[in-house]
Amino acid sequence: MEKNKTLSQVNQIKQIVLRYLITFTVIAIAMGLRIWPLGSLELRIPWVTFYPAVMAAALHGGFISGILGTILSATVVVLWSPTDLPFIDDPGDWLGLVVFIVNGTLISLMSGAMHRAKRRATKARDEAEAANQANSIFLANMSHELRTPLNAILGFTNLLRKTQNMDEGQTKKLNIIAKSGENLLNLINNILDISKIEAGHMVIENSDVHILQLLHEIESLISIKVYEKKINFNMVLADNIPEKIVTDAGKLRQIITNLIANAVKYTEKGSISLHAKIIKTKNFQGKRIQFSVKDTGIGIKKEYQTAIFSPFEQFGTHPEATTGTGLGLAISKQYVELLGGRIWVTSTPGLGSEFLFNIPLIFSDTLNKDNSILNNNDITGLGQGQKQYRILIAEDDRDNRILLREILKPFNFSIHEAVNGKEAVQQFEEWDPDLIWMDIRMPVMNGLDASRYIKKTAKGKNTKIVALTAHALEAERLEILEAGCDEFIRKPYRDTEIYETLKKHLNIQFQYSTKKETKPEIINPRRDQLIKVSPKIIEQLHKAVVSLDQKLCHTTIDMISKENNDLGSKLRQMVDNLKYRELLTLLDNLIEEKRDEKLDSSGL
Ligand code: ADP
């Protein structure tokens, strides 16, 4: 601290000395010029060289330099007056001198003001940068504090949801906890995202993206909401959309989901459609993939169509508007721009809106390798002949330690725990684990220091370290990887992420439940099969699907299976794979058809 202070004082002195030197030099040059070659030109206009000299001194060094230059020049003119051509000869020359001194002072004042403004701007920029830094640190801390308990809440809720012996009421309550937790996580993520973007910390994580799969995932995610509002949803995808493109899947998913969620929110009747096509534009080189989300909702007035893309801007009196944060479109816009595109809206109040965006089309050059996410429900344990791995859980939060143990339960690992970095290092030295789940923020010794220590040792090079952190900032990710960690998982994590990591780093083979070992293709039941089912049972299944009541779905399907086993298993597959929307469309069509038949037969 003291050393820094001395350094900055030395710098200041250097600057002042330099300023004086430059002032003296420019005045000396001005003096030189008046002897040669401007001497004859000057005659009785002594200020031809001194005005520019004062100006140069003032521009470079500010007020003091300008005044110093003015005084020096005036002194030279008064004291150094050649006898054959005296500068100060009559009262007019004295007036010239006074005007020069006044003008020199004005030039110095103006230049001083400019210097001050520049200094203030630099200071403000430095302060803003420091505040930004402080903001980022605050965010990192806040995200850690909020995500750590949320990790436990969501993780345990999901584990509980897998237990079989729960009644209907308990399942419903658990679903509400899970949904509220997810909403809270979404909100935290949104606030963090917008702050990260504003602080310039958001980065692109490109990978091969199976575009059709991604769009279908989004479709099934929003299908229930669409159904609840009784609006139609359809996807119109151009034939030439490639199977895979290179982009940031997470961000693309979020943009499209935000747009569709808004469309659902602000549409009461009619339809919503998602379009994707390949285009070429004048403004960008190469082909682009353009997405658009069209709705027949309330629309947006012309004067709001730009402002809605700014953070926290919400318009209109639609009751649903209060459920949002006004961040969705701001984040979407920033993401689209990060992905190299632009987003805009066309809308007519009362008729609907269309949000459009396009991003560069980069073809993936990898072959169709299987990089599908594991389905956690399929994994029942380790494959045969696998060794009993030693796994260390280094985590100060007890709930999160228990959660991780629960997730790892099916594998029969030998598991030890450490509650801080120091204990983790001790366990590593004494017990030599194969993999360490390392929480980054821990008391006594943090996860980064522990990882650095372990990775510096010879045997530590073979120990896999997976950092578990609730931190959200990119800089920390780099820090974690620089500390030697092999992987980085953000809290709240899904059990599939834990399984994927085990597979990747320990080369573990899993055992899958024979029921789901090979994922069967879901085949929709045929109309001629469905039409034979009694209307009462169809109504009951319809009711079960609308209320997302899995239990009722299964009991109704069991009744159908007794009559037609093939139809029953097809329906069961749809329910197990959450194909509720498709199932509802089928049932709706069927009910409508039966109603029409009834009307026909009654002669109406
Ligand atoms: P919010 O979380 O409030 O929905 P957004 O940033 O997603 O925040 O949207 C900002 C505002 O833009 C909304 O409050 C709404 O007024 C308007 N808006 C967004 N999408 C639509 C749409 N599809 N139809 C009508 N208005 C919309």
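Read the figures in this text as sums done on the coordinates, not as results from a lab. Fair warning: this is a prediction, and the values are worked out from it, not measured in the lab. All Cβ positions, glycine included, derive from the backbone under ideal geometry; neighbour counts span all protein chains shown.
Amide H of Phe233 versus every other amide H placed in the peptide plane: which residues, excluding those fewer than 5 positions away on the same chain, fall under 5 Å?
Result for Phe233 returns Ile272.
Do any chymotrypsin sites (Phe, Trp or Tyr not before Pro) in the stretch 209-312 lie in a DSSP loop with no more than 14 other beta carbon atoms within 10 Å, and if so, which? Could you put the intermediate results ahead of the total?
Numbers: sites: Tyr227, Phe233, Tyr266, Phe284, Phe291, Tyr304, Phe309, Phe312; in loops: Tyr266, Phe284, Phe312.
Answer in residue order: Phe312.
Report the extension gain between Lys179 and Asp432 in nm, rounded to one decimal, defined as 0.36 nm multiplied by the number of residues separating them, less their alpha carbon distance.
Gain on stretching Lys179 to Asp432: 87.1 nm.
Need the full-extension length gain, Leu212 to Ser310, defined as separation in residues times 0.36 nm minus the C-alpha distance. One decimal, nm. Before the final figure, lay out each step's value.
Details: separation 98, 0.36 × 98 = 35.28 nm, distance 3.00 nm.
Net length gain for the segment: 32.3 nm.
Against the 2.2 N^0.38 Å scaling, with N counting residues, where does the stretch 381-475 land? I'd like the Cα-based Rg ratio to two decimal places.
On the way: Rg = 13.2 Å, N = 95, 2.2 N^0.38 = 12.4 Å.
Normalised by 2.2 N^0.38 Å, the Cα Rg of the stretch 381-475 equals 1.06.
Could you run the Karplus curve 6.51 cos²θ - 1.76 cosθ + 1.60 with θ = phi - 60° over the stretch 245-259 and give me ³J(HN,Hα) per residue in whole Hz, x for Gly and Pro?
10, 9, 6, 8, 4, x, 6, 4, 4, 5, 4, 5, 4, 4, 5
Count charges around Met442 for me, please; just the other residues with Cβ under 10 Å from its Cβ, Lys/Arg as +1, Asp/Glu as -1.
Values: positive: Lys422, Arg441; negative: Glu395, Asp396, Asp397, Glu423, Asp439, Asp449.
So the environment of Met442 carries a net charge of -4.
With labels modelled as points extended 7 Å from the Cα through the Cβ direction, what inter-label distance (nm, one decimal) is found for Glu479 paired with Glu593?
Those two pseudo-labels are separated by 6.2 nm.
Test of understanding: what is the full-extension gain from Thr6 to Thr25, defined as 0.36 nm times their sequence separation minus their Cα-Cα distance? Can you show the working numbers first?
Working: separation 19, 0.36 × 19 = 6.84 nm, distance 2.86 nm.
Extra length available between Thr6 and Thr25 comes to 4.0 nm.
Hey, what's the per residue convex hull volume over the C-alpha atoms of the stretch 173-270, in cubic angstrom?
On the way: hull volume 12.7 nm³, N = 98.
Per residue, the Cα convex hull of the stretch 173-270 comes to 130 Å³.
Treat each spin label as a single point 7 Å out from the Cα along the C-beta direction, and report the Lys551 to Glu205 distance in nm.
Those two pseudo-labels are separated by 3.8 nm.
Whose amide H sits under 5 Å from the amide H of Ala418, counting only residues 5 or more places off or on another chain, with H placed in the peptide plane?
Ile393, Ala394, Glu395
If amide H atoms are built 1.01 Å from N in the plane of the peptide, which residues on other chains or at least 5 residues away come under 5 Å of the amide H of Lys491?
Amide H neighbours of Lys491, under 5 Å, 5+ apart: Thr469, Ala470, His471.
Once phi is turned into ³J(HN,Hα) by the Karplus curve 6.51 cos²θ - 1.76 cosθ + 1.60 with θ = phi - 60°, what whole-Hz value does each residue of the stretch 153-166 show in order, with x for glycine and proline?
4, 5, x, 5, 4, 5, 5, 4, 5, 7, 6, 7, 8, 10
For the stretch 585-590, take each phi angle, set θ = phi - 60°, evaluate the Karplus expression 6.51 cos²θ - 1.76 cosθ + 1.60, and give the result in whole Hz per residue in order, putting x for glycine and proline.
Once θ is set to phi - 60°, the couplings for the stretch 585-590 become 4, 4, 5, 4, 4, 5 Hz.
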